[in-house]
Amino acid sequence: MGQELTVAGSGHIVVQIEGDDNQVNLKGLAHLTLTRYLNRRQVESDADILSPYSLSIELVGRQTELASLRAWLASPKPIAVRVLTGRAGAGKTRLALELCETLTAEGWQAGFVTERELQRFLAAQNLSSWGWQRPCLVVVDYAAAHALTLHDWLAELSDHPGFTDRPLRLLLLERAAEPGSGWWQTAFGRGNSTDRAIRRLLDPPEPVALAGLVAREERRAVFAQALARAQDGLAAPVQGDDPHFDDQLATLTWGGEPLFLMMAGLLAAWHGVRQVLALSRIDLAFDLAGRELARIARFAGTNQAQATLLTHLAGYVTLVRGLAAYALRQASPRE
């Protein structure tokens, strides 16, 4: 006699059993783990304010981009892939995080997939028979670094018929993409039958560039929020109160990039509003880096040797894109 077996988790598994001496093993059931980086939301330093994962300020000026992504999510294609490009600081990761937050509240499975999880899931599950339980958005940041694994993912997904009631969307983020060369060619192939099937998943078939912030009020809003986070009570000039500030904000070479507007907002607490807008991208970065290194060195008190080691380790950890505590304990004596 058939029976149903329900397993707790993100969805239900229905197993129908007929006959005798059957065995069901669910312990090794393949599953994909997505993250929204909830453990990175705490703000303890200026660097945390600048991190897109902290969601330290409200998203500004991305209504058009969100509407485009919404249309992509709602398209009739069961499975679709989009590549979103933009230079460092343009706000790609922040935009994707905002989308994941909204979709999760609406019942989607949405989040980022790490490099390790990309590889683990590929080894555990043939994606052509993957059975996700709800509408699903998978975000892959730094897509170029995962191009080979992505090709294998997409090759298997291109054989999946998909589900009309629960779409699957893959959003790939990268600074640049050139169709037909570089990491794009690695991920989407050269043109054999498998590669053509992979490319049919692309929607649109070309990368979508994330535009900079153009409107003065959008730039002002990003700057003002960062300034307020840097020091309570500080505020950017209201439109029209300081024509010189308004003109600077409108003509900045880096004014369309949210990250640099946030950097400027933080530094305005020490340099003043007008002065900080005269700085270059490099000036902004070095000034903030110097302040962060000084903050780290203060943990050593008056011990200069310890201060030097701490700042050296900060650079070490940054270059390897983060270390767990146990790994740092192993690295510190060697360094």
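With all pairs of separate Cα atoms included, region 225-269 yields a Kirkwood hydrodynamic radius of 11.0 Å. Size descriptors for region 91-209 (Cα atoms only): Rg and Dmax, in that order, 13.9, 40 Å. Which GluC sites (Glu not before Pro) in region 30-124 sit in a loop by DSSP (not H, G, I, E or B) and have at most 12 other Cβ atoms within 10 Å of their own Cβ? Passing sites in region 30-124 are GLU44, GLU58, GLU106. Computed over protein heavy atoms with a 1.4 Å probe, the carbon and sulfur contribution to the accessible area of the chain reaches 52%. Over the chain, Cα pairs under 8 Å with separation of 6+ residues give a relative contact order of 16 percent. Rolling a 1.4 Å probe over the protein heavy atoms gives the chain an accessible area of 54 Å² per residue. Checking every one of the trypsin sites (Lys or Arg not before Pro) in region 195-281 against DSSP loop status and a limit of 15 other Cβ atoms within 10 Å picks out ARG200. Spin-label pair ARG40-ALA67: with each label point 7 Å from Cα along the Cα-Cβ axis, the two points sit 3.0 nm from one another. Here region 180-232 is treated as an ellipsoid with the same Cα gyration tensor; its semi-axes, largest first and in whole Å, are 42, 12, 9. Going through (1) 19.7; (2) 22.8; (3) 21.9, the figure that equals Kirkwood radius over Cα pairs in Å as computed for the structure here is (2). How big is the Rg/Rh ratio for region 196-325, C-alpha atoms only, Rh by Kirkwood, two decimals? On the Cα set of region 196-325, Rg over Rh gives 1.12.
The values are calculated or read from the model by the stated rules, or taken from the named source; none is laboratory data. Values in this document were obtained by computation on a predicted structure and should not be read as measured data. Note that we place each Cβ from the backbone using ideal geometry, even for glycine, and neighbour counts take in every protein chain shown. Quick note on the areas: whole protein, heavy atoms, side chains included, nothing else; ligands and nucleic acids left out. Shrake-Rupley method; radii C 1.70, N 1.55, O 1.52, S 1.80 Å.
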